[in-house]
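The values are calculated or read from the model by the stated rules, or taken from the named source; none is laboratory data. Source: prediction; values computed, not measured. For neighbour counting, all protein chains shown are included, and Cβ atoms are generated from backbone atoms with ideal geometry for every residue, glycine included. Just so you know, the surface numbers come from the protein's heavy atoms only, side chains and all, with ligands and any DNA or RNA stripped out. Shrake-Rupley method; radii C 1.70, N 1.55, O 1.52, S 1.80 Å.
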Amino acid sequence: MAINYIYPDFEVIRNEARCIKCRVCERQCANGVHCYDKERDMMLCDESKCVNCQRCVSLCPVRALKIVKS
């Protein structure tokens, strides 16, 4: 059986109770990790693109993000 999925190096943890969906993380991320889903009214992450630069963590106004090594 072939490997179809490689687990990402980093996990982006978003505290949904804190997130105000300001989309700062989406606008500042050079790798396109964060995106807003209008239908579900929530922020999503593509962790396979994360390089652990911590920009989203440092710029989040409500400290709703954390990145950890997988």
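Accessible area per residue for the chain is 74 Å², calculated with a 1.4 Å probe on protein heavy atoms, without ligands, DNA or RNA.
Just the protein heavy atoms count here, and of the accessible area of the chain at 1.4 Å, carbon and sulfur take up 51 percent. Ranking K69, K21 from most to least accessible surface, computed with a 1.4 Å probe over the protein chains only, gives K69, K21. Surface calculation, 1.4 Å probe, protein heavy atoms: Y36 sits at approximately 60 Å² accessible.
Of all lysines in the structure, the ones whose alpha carbon falls short of 28 Å from that of K38, not counting any fewer than 8 places away in one chain, are K21, K49, K66. Summarising the label geometry, the points placed 7 Å from Cα in the beta-carbon direction at S70 and N31 lie 1.1 nm from one another. Listed values for the stretch 38-46 are Karplus-derived 3J(HN,Hα) couplings in whole Hz (6.51 cos²θ - 1.76 cosθ + 1.60, θ = phi - 60°), namely 5, 4, 8, 6, 8, 8, 10, 10, 9, and x replaces Gly and Pro. Among the GluC sites (Glu not before Pro) within the chain, those in coil by DSSP and having at most 16 neighbouring Cβ atoms inside 10 Å are E16, E39. Residue separation of Y5 and S58 scaled by 0.36 nm, minus their Cα-Cα distance, works out to 16.1 nm of gained length.
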